[in-house]
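Notes follow once the structure below has been shown.
Just so it is clear, none of the values below were taken in a lab; they were calculated from the coordinates. Model, not experiment: these values are computed from the prediction. For neighbour counting, all protein chains shown are included, and Cβ atoms are generated from backbone atoms with ideal geometry for every residue, glycine included.
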């Protein structure tokens, strides 16, 4: 049995696709950038990856889009842009073909999933019900102020902005 070593040019092209999901990646331009003809590049890529470069890029984008939709607060149109799509209908059609569900449906399904509770030791049944806890703030001396817990939690907009900043930082790195 003959062992085939991965071609470093194709490995570089795959890595480039991973790094540049949000940008336009043209397989023909990649081929010429690697001093290969487009047909030879496609042949080598298919031999190494098992699928052609265009399908490989599409799968990468769909996998990244699913992760972003399931695990972040980013809107579907923003996810679409992050993974390199310009047309919402095209994105929704490709997403549905890959995952069997439209992105908006997946977003509402994952948003409706309850978060696991972290309370390992529930209160006894005969314990009195307690209202929301208030947090005491303030320094030494003087009167301590109380705040509702909602004042201490970051808003969805703040979390979204931080996620966008982190994603942009990763994509540019």
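Quick notes on this structure:
- Fewest-first ordering of 58, 104 by other beta carbons within 10 Å of each residue's beta carbon gives 104, 58.
- Inter-label distance, nm, simple model (7 Å from Cα along the C-beta direction), residue 171/residue 78: 1.1 nm
- Residues 21, 57, 82, sorted so that the one with the fewest Cβ neighbours within 10 Å comes first: 21, 82, 57
- For the pair residue 164 and residue 54, the difference between a 0.36 nm per residue extended length and the Cα-Cα distance amounts to 36.9 nm.
- Ordering 26, 89 by the number of other Cβ atoms within 10 Å of each residue's own Cβ, fewest first, gives 89, 26.
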